[in-house]
Amino acid sequence: MPRIERTAAIAWEGNVARGLGTLSGGSGAFSELGYSLATRIGSPEGKTSPEELLAAAHGGCLTMSLAGELTAAETPPGRIDATCRIVMDEVPGQGHQIVGSHVELVVSAEGLGEDGLRAALAKADESCPFSALLRRAGADVQSSARLG
């Protein structure tokens, strides 16, 4: 696989407590997503957060990795639905840190059994760059899958 690089543009105005920011993808897939400290730690109010974007990135990466493993095992998925929950918490002496990422997947694939799903998920998690990144950072990374 070739080297992959992607960009995002970030703008922030004001102090951290009352400021507002926007996030835009270099691809144009998303533009000026709003975020702020208030919506990061409180009610989202239609805005995003770095943690929400990380959840989407980890869940998306693991889903693609699982699709690849299932295809290699000759049980390509018809559909995979996933949810990812990122957990940020206070770590003594380190401030707020990402401490966990939990991905739950529901897989529909003709001919796929529970054992095959477990084996494919283990390989997918092992080869997912976001799972590896989060583990190296000390986060508790968990994934589970069920047939649906």
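The values are calculated or read from the model by the stated rules, or taken from the named source; none is laboratory data. Note that the structure is predicted; figures quoted are calculated from it, not measured. For neighbour counting, all protein chains shown are included, and Cβ atoms are generated from backbone atoms with ideal geometry for every residue, glycine included.
For the range 40-84: of the residues being over 19 Å from the mean Cα position of the chain (by Cα) and assigned to a helix (DSSP H, G or I), which is surrounded by the most Cβ atoms within 10 Å (Cβ to Cβ)?
Ranking the candidates gives LEU70 first.
I'm trying to understand the selection: among the residues of the range 100-125, which are part of a helix (DSSP H, G or I), of a type in the set (Asp, Glu) and closer than 18 Å to ALA56 by Cα?
Within the range 100-125, just ASP125 meets the criteria.
Inspect the range 26-35 for any residue being at pLDDT 95 or above, more than 28 Å from SER127 (Cα to Cα) and charged (D, E, K, R) and give the result as yes or no.
Yes, some residue in the range 26-35 is at pLDDT 95 or above, more than 28 Å from SER127 (Cα to Cα) and charged (D, E, K, R).
Hey, could you check the range 11-24 for residues that are touching a Phe, Trp or Tyr at 6+ places or on another chain (Cβ under 9 Å) and either among the aliphatic types (A, V, I, L, M) or touching a residue at least 40 places away in the same chain (Cβ under 8 Å) (or both) and say which is surrounded by the fewest Cβ atoms within 10 Å (Cβ to Cβ)?
LEU20
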